[in-house]
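Working notes, beginning with the structure itself.
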Amino acid sequence: MSESIPPLSPDIAARLTRNAQGLVPAIVQDATSGRVLMMAWMNDDSLALTLDTRQATYWSRSRGELWRKGATSGHTQRVREVSIDCDGDTLLLVVDQTGPACHTGAESCFDAGGVLLADDPDEARSTEDDA
């Protein structure tokens, strides 16, 4: 990524609780549907670029570099809102997603992984009937 990186506001930087690698997890949610699309990592530079441009930019741990979502695929994320949790150790990005969010081509990265536990609607109904 060759563009100039703006400095992250010292007030925002002071609120972040980073892991040992200087990263914060970012949960990405679709602004229209409310679905969780993916989780990615952000460092100070990627957060500063995201806040400055409203284009979701993350830190690639495997490549060791910044990456703008959709730079090669065209599946971009325009950021509507960025929030920080109470501990400062997780970010929430609410985005307008263009195309699938997952590198597998799925709408959400959680589509490809599969459900590990789910309520059984029939079981929930019978429990309520027993009460």
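The values are calculated or read from the model by the stated rules, or taken from the named source; none is laboratory data. These numbers were taken from a predicted model, which means no experiment stands behind them. All Cβ positions, even for glycine, are placed from backbone atoms using ideal geometry, and neighbour counts span all protein chains on display. Heavy atoms of the whole protein, side chains included, go into the accessibility calculation; ligands, DNA and RNA do not. Shrake-Rupley method; radii C 1.70, N 1.55, O 1.52, S 1.80 Å.
Observations on the structure shown:
- For region 39-50, filtered to residues that are open to solvent by 10 Å² or more (accessible area, probe 1.4 Å) and touching a residue at least 40 places away in the same chain (Cβ under 8 Å), the residue that is nearest to the chain's Cα centre (by Cα) is M39.
- For D96, the requirement of being in contact with a Leu (Cβ under 6 Å, 6 or more places away or on another chain) and open to solvent by 10 Å² or more (accessible area, probe 1.4 Å) is not met.
- Taken over region 72-86, residues that are in a loop (DSSP other than H, G, I, E, B) and either loosely packed, with under 13 Cβ neighbours inside 10 Å or in contact (Cβ under 8 Å) with a residue 12 or more places away in the chain (or both) amount to 6.
- Just so you know, in region 99-115 the residues that are in contact (Cβ under 8 Å) with a residue 12 or more places away in the chain and buried (at least 16 other Cβ atoms within 10 Å of the Cβ) include one that is nearest to A48 (Cα to Cα), and it is A101.
- For region 16-23, the condition of being part of a helix (DSSP H, G or I) and in contact (Cβ under 8 Å) with a residue 12 or more places away in the chain holds for none of the residues.
- Of residues in region 1-38 being acidic (D, E) and over 17 Å from C109 (Cβ atoms), the one surrounded by the fewest Cβ atoms within 10 Å (Cβ to Cβ): D11
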